[in-house]
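See structure below.
Nothing in this text is a laboratory measurement; each read-out follows from the coordinates by a stated rule. All of these numbers come straight from a predicted model, not from anything done at the bench. Cβ: placed from backbone, ideal geometry, glycine included. Neighbour counts: every protein chain shown.
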């Protein structure tokens with residue numbers, strides 16, 4: 001595993017137990033909440049919620 005990947009894994013593990021509040025508190029999360037998208041941030045924080053993986057096909061994402 002690359003050093004960058006190790007940092008990403010360690011970062012995720014350090015916030016995994018509080019993922020929703022961490023996402024809500026980050027700059028992008030606060031911007032989304034301010035624009036009325038708090039439900040989207042909450043959905044994005046769910047772990048193992050979906051078995052669907054989006055694929056990039058011809059420049060657009062498809063599930």
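Kindly identify region 3-49 as rounded, prolate or oblate by the Cα gyration tensor criterion: order the square roots of the eigenvalues as a ≥ b ≥ c, call it rounded if a/c is under 1.5, otherwise compare a/b with b/c, prolate if a/b is larger, else oblate.
prolate
So for each of 1-10, 52-61 I average, over its residues, the number of other beta carbons within 10 Å; can you give me the resulting order with the highest mean first? Don't skip to the answer; put the middle values down first.
Details: 1-10: 9.0, 52-61: 7.4.
Top to bottom by mean Cβ count within 10 Å: 1-10, 52-61.
Placing dummy labels 7 Å off each Cα toward the beta-carbon, the span from residue 52 to residue 28 is 2.0 nm. GNM remark for the chain: springs join alpha carbons under 10 Å apart, and the peak mean-square fluctuation among 45, 28, 11 falls on 11.
Here the spin labels are modelled as points 7 Å beyond Cα on the Cα-Cβ line, and at residue 37 and residue 14 they lie 2.6 nm apart. Take every pair of alpha-carbon atoms less than 8 Å apart whose residues are at least six positions apart; their mean separation over the length of the chain yields a relative contact order of 20 percent. In the chain, helices alone account for a calculated mean residue ellipticity at 222 nm of -15500 deg cm²/dmol, with every DSSP H run of four or more residues adding -39,500 (n - 2.57).
Between 51, 39, 17, which gets the highest mean-square fluctuation from a Gaussian network model of the chain, Cα cutoff 10 Å? Maximum among the listed residues: 51.
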